[in-house]
1. Confirm whether B:Ala346 is among the hydrophobic types (A, V, I, L, M, F, W, C), modelled with pLDDT under 95 and in contact with a helix residue (DSSP H, G or I) (Cβ under 6 Å, 6 or more places away or on another chain).
2. Return the residues of the stretch B:374-396 that are part of a helix (DSSP H, G or I) and either surrounded by fewer than 18 Cβ atoms within 10 Å (Cβ to Cβ) or out of contact with any Pro (no Cβ under 8 Å at 6 or more places or on another chain) (or both); say none if nothing qualifies.
3. What do you reckon, is B:Leu290 in a helix (DSSP H, G or I), within 15 Å of B:Gly344 (Cα to Cα) and at pLDDT below 95?
4. Filter the stretch B:147-182 down to the residues that are of a type in the set (S, T, N, Q) and over 31 Å from the mean Cα position of the chain (by Cα), then identify the one that is nearest to the other protein chains (Cβ to nearest Cβ).
5. I need a count of the residues in the stretch A:34-55 that are on the phi < 0 side of the Ramachandran plot and out of contact with any helix residue (DSSP H, G or I) (no Cβ under 9 Å at 6 or more places or on another chain).
6. Search the stretch A:397-452 for residues being in a loop (DSSP other than H, G, I, E, B) and more than 21 Å from the chain's Cα centre (by Cα), and hand back the single one that is nearest to the other protein chains (Cβ to nearest Cβ).
7. Out of the stretch B:356-373, which residues are over 17 Å from the mean Cα position of the chain (by Cα) and aliphatic (A, V, I, L, M)?
Number of protein chains: 2
Amino acid sequence: MGQKVEREPAFESISVAEFFYRNRQMAGFGNSTQAVYSTVRELVENSLDSCEEALRSPLVDITISSLDPEVCHVSVSDNGLGVPVEYAPEAFTRVLYGSKYRQRQKRGAFGLGVTMAVLYGQVTTDLPVVVHTQTEEDGGTEFTLLIDVKNNAPVVKATRRLRRGSAGTTVSLSIKGDTKRARERIIEYLRLTSVSTPYARISLSINGEKESFGGVSQELPRNPIETKPHPRSADLELLRRLSSDAMSRGLREWLVDSFQKVGEKTAARLLEFISLDSRQPVSSLTREQLTVLAGGLRKFDDFEGPDPRSLNPVGKGQFLLGVQSTFSTTATQYAARVPSEWDGHAFIVEAVLATGDDFPCSDLPTVFRFANRVPLLYDASEDVLTRALRKVNWSRYSLRSSPPAAIFVNLSSTRVPFKAAGKQSIDAVPSIEAEVVALYRDLGRKLRKVVNRGQRATRVSRKKKEFSKSFRLLAESSANLAECEVPEYEGMIQNLFEVDEDV
Amino acid sequence: MGQKVEREPAFESISVAEFFYRNRQMAGFGNSTQAVYSTVRELVENSLDSCEEALRSPLVDITISSLDPEVCHVSVSDNGLGVPVEYAPEAFTRVLYGSKYRQRQKRGAFGLGVTMAVLYGQVTTDLPVVVHTQTEEDGGTEFTLLIDVKNNAPVVKATRRLRRGSAGTTVSLSIKGDTKRARERIIEYLRLTSVSTPYARISLSINGEKESFGGVSQELPRNPIETKPHPRSADLELLRRLSSDAMSRGLREWLVDSFQKVGEKTAARLLEFISLDSRQPVSSLTREQLTVLAGGLRKFDDFEGPDPRSLNPVGKGQFLLGVQSTFSTTATQYAARVPSEWDGHAFIVEAVLATGDDFPCSDLPTVFRFANRVPLLYDASEDVLTRALRKVNWSRYSLRSSPPAAIFVNLSSTRVPFKAAGKQSIDAVPSIEAEVVALYRDLGRKLRKVVNRGQRATRVSRKKKEFSKSFRLLAESSANLAECEVPEYEGMIQNLFEVDEDV
């Protein structure tokens, strides 16, 4: 064979920054057009999260300018909470570092997106990111940062104190990217953001050309509350973590404290169901008992669903307003399902079905997807929100007799099962899919009602016209025969048809 | 507003194991059926890589048994290199730890898959993985391992010396999963593996039911050679890494040593092109000069393509053998494109077009996708190999007149741009897409030729029959007139049509 066999393969550990550096496409940075779009998207999402946490109407300014045909400069600023000085360098340059994960809905989830933008900028232009951030407590600081990719750590090139008018964050970076080609996607993204977040005022300047989005509502959403984990979301890893702090506490008490929706009685019934003693100290649980407990938490069917107050759906008024102020529509219908769960994570699906000539003609409604209010523009075809569309028999819902239709559908969840780190499409989790199919059918029935009502109205008005004509002839000839004046009959016909309509 | 504003958000860093624990679906472990399939797949891929590196015909044994309806035990053993004792615990339980990345084709790429299987097993059954591994140098050791998810580190529960007959690795773990539902996918995966790896002998036992795959060829592929990076793959991060070791060496010499396909002359021309001095010490490069160099490496159009010897395509003989020994086919055609590159990474696409009643009837050929010989079964619709199929006008290639057709297409690359860590689909990189479209057209033309040849053969045989009939009548009546015997004319007709066929 003549080839050398390597008896001793060399092994190595790579940092997560290195992993995503090598596999940028997984995080939405596969090419320079997508990279510009993803950069804007990640920065805007961070800004909106931060403003909402501060309970302020978001003001987000985006400036994009081409430095040369291949490189552009992106700057996004907001009036959010700001990042405390001691966390700032890592928050912007360390992969998988971010605000602490909490059991409640948020746009950002991984502590990955903004750092990916900084990383992409660095490897394509060698320029650092410049971050200015100011909280209400501190006076504001500007950081100039690079990433040590091999070690997934920040490299602070410079810092300076710099006070601005109010709290908020501005992130500026340069990346390789064609502004012209990314422009359309960015504008689509911001238009759709104003559908799901109509209270945010977003301004965009691309090479001096200005556009603004949203700001049509003053009503801020309430912050979703943080909940304990739902018992059905507990796998053995979570159980081990929760039990390691429990010391000598009794099982029942510990269950009540550790999980949402578990009261004294529920805990007692569960423990009876799996034959464990309520007073057994958690610290004495054997591996086998822990496994029995994990199985019991999944199989026990007496838990209430997870607390939907951890969620923050768009809601009927805002969602309709968002669609109507962004698209020209002839009719809009809102529907939402009751809160549900996947693997113990709360979720709600809601949607607006709109008709109008803004949408393309098709056998199926056009779908605009949102996850926790974030528009998803790529990788639609295997997304659960698209798959569900194909499972509905739309021919039943008079779609052909209506103007072109579109569905704006939003999944709110404490955890969205994205198929990849780029957060472009949602995995086909069966319980989510079932709810979305049911939601689409609800909307289909509403559409059919509208279309049928329209068709009936057309029929009635035609009937009225014919009737009116005959009645006039009858009235005239009768009056002629009786040699008297033609009576007033229009009101009579009107009354007649109103009676008919009420039936 | 009455809601508490959190002025001081808490930040945290999570380990990459924690990230994939929370987002299992990204790595192909979204539900328990997929998890069983992914476990088998990741273990088999590791085994095949290891056997090929050892230049041995792979023998892989897979045993799956249901412990109860919800839990199954998976064990995969091979005759590969084995993992040296000092690396073994981390190799199986640490995310992003694996054999050192080299510039050459391999199935495994991330050091993620097997650890994900162990992690999934641990969080669903709380049972450790048991690994036995033996290299030719050491005597064999059995490890019992768990993962410290929070710290992405191994927990060694037990080790013992245990010598076996020969080198190799056996991995055994228990996971939550429904064997029955995963069975079909696993069998499909192994059948397709035997198409792309016909020299591997794989045996599968599911609850005692046995099946075996492949082993139809003795011809082992040569190991692809390790190459230096291609200059067009150099971004600023790579340049910085390469230059940091270069000390006071001159630019030209450093370029020649650092990259493939850069000789003295090419380096000199490149440096002239970007106006840098050949003798400038690398250590004195300014940030601006490094940026100029990075731009130059991309724009300079005088580099040869990357070295295809780092690749290991299936090849005509093996690929045809693989398809023919696995499916019942009426005709098979092989085509391959010349080596090409995406972002400086070498790649080759090759495919077999097969017709036969094993494949479904459709307007488009059915596609079976492979990346570095690994069959891809999920998320087909946005894969570049599927997208390319829709860009070809198949109606031009007589598809309707042929039996149902299927394409087995394999992308070999030193780096496959997977869309997600689960390695189920390939990103639509334009240069890859263009090559795949061209490959499909090549196959289409070959198919048309076969179909046309078939149709022509039918036409010719009909013509021959008619001609033969007339000729016989003519010969008979002429013989009658001449009052002599009917001459032998069959041979004459045969000759006549052979002449015709040669034209």
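1. Yes, satisfied.
2. If the condition is that a residue be part of a helix (DSSP H, G or I) and either surrounded by fewer than 18 Cβ atoms within 10 Å (Cβ to Cβ) or out of contact with any Pro (no Cβ under 8 Å at 6 or more places or on another chain) (or both), then B:Val384, B:Leu385, B:Thr386, B:Arg387, B:Ala388, B:Arg390, B:Ser395, B:Arg396 are the ones that fit.
3. no
4. Taking the stretch B:147-182 as the starting set, the residues that turn out to be of a type in the set (S, T, N, Q) are B:151-152, B:159, B:166, B:169-170, B:172, B:174, B:179.
Subsequent filtering for residues that are over 31 Å from the mean Cα position of the chain (by Cα) retains B:151, B:159.
Values: B:Asn151: 13, B:Thr159: 18 Å.
Among residues in the stretch B:147-182 that are of a type in the set (S, T, N, Q) and over 31 Å from the mean Cα position of the chain (by Cα), the one nearest to the other protein chains (Cβ to nearest Cβ) is B:Asn151.
5. The total comes to 7.
6. A:Pro404
7. Narrowing the stretch B:356-373 to residues over 17 Å from the mean Cα position of the chain (by Cα): B:356-366.
Within the stretch B:356-373, B:Leu364 is the sole residue that qualifies.
For every residue, the table says whether it meets (1) within 12 Å of chain B (Cβ to nearest Cβ); (2) within 26 Å of B:Val292 (Cα to Cα).
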residue: A:Val118; (1), (2): no, yes
residue: A:Thr125; (1), (2): yes, yes
residue: A:Val130; (1), (2): no, yes
residue: A:Gly139; (1), (2): no, no
residue: A:Leu145; (1), (2): no, yes
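The values are calculated or read from the model by the stated rules, or taken from the named source; none is laboratory data. Model, not experiment: these values are computed from the prediction. Every residue, glycine among them, receives a Cβ derived from its backbone with ideal geometry; neighbour counts consider all protein chains shown.
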